[in-house]
Amino acid sequence: MPAHIKAIHCLILEITVAAHLLGLGATAFQTFSGAQLPLHTQPWTLCNGNGSICVPATLPASVHTQLLASNVIPEPYWGSGDIDLRWVALEDWVFSTEFNVSDKHLQRILGARGALDNPLPAAVLEVSDVDTIAEYSLNGRVVGASDNMFRSFRFGVEQALQAGRNVLQIRLQSPILYADDQEEHSPYQVPPLGTAVDPVIHGQGNRQFIRKSQCHFGWDWGPCFATSGLFGNMTVRAISPYFESVSADVLPTDPSDLQGTWRVRVEALAQTFGSSLQDICELSVDFQNHGTYAGAHADFGSDGSVSVSFDVVNPSLWWPNGMGSQLTVGKFLTRLF
């Protein structure tokens with residue numbers, strides 16, 4: 001089995017960590033540029049939950065702007081549009097698009113996983129600024145969900161990809177009904193904003209139960225439309241697992257004795273898209289001190305986390321400029337099996 005090494009170098013005692021991940025050799029989509037296919041630049045379709053309304057859509061898009069562009073609704077800002085069009089925010093809406101993957105490239109994607117007998121994903125769907133309560137389906141298979149318009153998300157999709165035509169659907173739940181349901185089932189009360197309960201603005205309550213723009217539920221300076229939409233980038237990408245964070249703590253067991261014993265603790269968290277790194281990856285720490293070596297290794301947990309700790313006696317210290325020498329004495333490696 002080929003050896004794949006991911007190296008992370010750390011300057012011990014300066015507590016500076018720089019991570020360099022070399023990946024698992026993901027293969028680029030042959031018809032994509034740079035191993036990715038941007039979906040936000042493609043034509044989309046927008047339909048309501050029961051399919052009785054369907055219109056073309058161009059991203060970035062809110063439901064209201066696309067309905068207005070197809071003359072399904074009148075100008076929302078005219079007259080009492082925020083009240084007359086409240087039905088839009090009470091419906092679920094589905095954005096959908098299509099893309100193609102050649103059979104040859106699909107086999108390359110799946111082969112990149114099989115070459116390592118590896119359960120980790122080889123392709124992901126990356127999304128950002130999705131407003132707000134969304135479920136993602138590729139070829140009828142649910143691949144992920146999101147509930148925060150201020151975050152980006154990644155979902156493994158290689159198991160849902162198919163040769164030829166692929167259909168991606170993003171179902172957006174009514175933000176009003178979602179917020180009302182969250183309030184109804186909340187174990188404690190969450191106070192609303194003051195203007196949210198002012199009947200003069202004709203707003204919607206329970207905005208505090210959903211992670212979306214709060215002004216969408218009405219404000220003293222703006223109407224309540226509580227729209228949904230796709231406002232950021234959306235990409236299908238060939239990818240390998242990567243480290244989200246790596247940290248190193250090096251502390252003396254007795255702060256009054258800097259020449260005594262120091263405890264080295266290294267923690268890492270890998271983004272594995274729901275898969276497990278157990279049995280295929282370990283974190284090894286190699287520490288050189290006065291010509292001798294200390295270190296330890298540990299397997300990754302099922303959640304992608306790993307922690308390694310060991311003691312170093314009478315370490316070679318790193319000194320500020322002019323007060324002593326500076327040594328790079330640590331090397332951290334993760335090995336894939």
Exercise. Tell me, please, whether a residue that is within 28 Å of residue 93 (Cα to Cα), at pLDDT 85 or above and more than 26 Å from the chain's Cα centre (by Cα) can be found in segment 224-236.
Key: yes
Practice problem: Name every residue in segment 140-189 that is in contact (Cβ under 8 Å) with a residue 60 or more places away in the chain, among the polar types (S, T, N, Q) and within 16 Å of residue 217 (Cα to Cα), in order of residue number. | Solution: 148, 173, 174
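Is it the case that residue 18 is at pLDDT below 90, within 27 Å of the chain's Cα centre (by Cα) and part of a strand (DSSP E or B)? So that I can check it myself, show each step before the final result.
Details: at pLDDT below 90: yes; within 27 Å of the chain's Cα centre (by Cα): yes; part of a strand (DSSP E or B): yes.
Yes; evaluated as a whole, the condition is true for this residue.
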Quiz item: Which of the residues belonging to segment 53-64 are touching a residue at least 12 places away in the same chain (Cβ under 8 Å), out of contact with any Pro (no Cβ under 8 Å at 6 or more places or on another chain) and open to solvent by 40 Å² or more (accessible area, probe 1.4 Å)?
Solution: 60
Self-check item: Whichever residue in segment 67-94 is within 27 Å of the chain's Cα centre (by Cα) and not in a strand (DSSP E or B) and, among such residues, is surrounded by the most Cβ atoms within 10 Å (Cβ to Cβ)
Solution: 89
Exercise. Output the number of residues of segment 198-220 satisfying the condition of being of a type outside the set (Ser, Thr, Tyr) and open to solvent by less than 50 Å² (accessible area, probe 1.4 Å).
Key: 13
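Can you find a residue in segment 37-48 that is at pLDDT below 85, surrounded by fewer than 16 Cβ atoms within 10 Å (Cβ to Cβ) and of a type outside the set (Ser, Thr, Tyr)?
No, segment 37-48 contains no residue that is at pLDDT below 85, surrounded by fewer than 16 Cβ atoms within 10 Å (Cβ to Cβ) and of a type outside the set (Ser, Thr, Tyr).
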Exercise. Tell me which of these residue 116 doesn't satisfy, since it passes every other one: (1) modelled with pLDDT under 90; (2) more than 24 Å from the chain's Cα centre (by Cα); (3) in a helix (DSSP H, G or I).
Key: (3)
Exercise. Give just the number: which of (1) at pLDDT 80 or above; (2) open to solvent by 70 Å² or more (accessible area, probe 1.4 Å); (3) in a strand (DSSP E or B) does residue 312 not satisfy?
Key: (2)
Quiz item: residue 251 is checked against (1) at pLDDT 85 or above; (2) open to solvent by less than 30 Å² (accessible area, probe 1.4 Å) and fails just one. What number does that condition carry?
Solution: (2)
Quiz item: over 16 Å from residue 230 (Cβ atoms), hydroxyl-bearing (Ser, Thr, Tyr), assigned to a loop (DSSP other than H, G, I, E, B) and open to solvent by 20 Å² or more (accessible area, probe 1.4 Å) - does that describe any residue in segment 174-194?
Solution: yes
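The values are calculated or read from the model by the stated rules, or taken from the named source; none is laboratory data. This structure is a prediction, so every number in the text was calculated from the model and none was measured. Neighbour counts run over all protein chains shown; Cβ positions are idealised from the backbone, glycine included. Remember, those area values only see protein heavy atoms, side chains included, never the ligands or the DNA or RNA. Shrake-Rupley method; radii C 1.70, N 1.55, O 1.52, S 1.80 Å.
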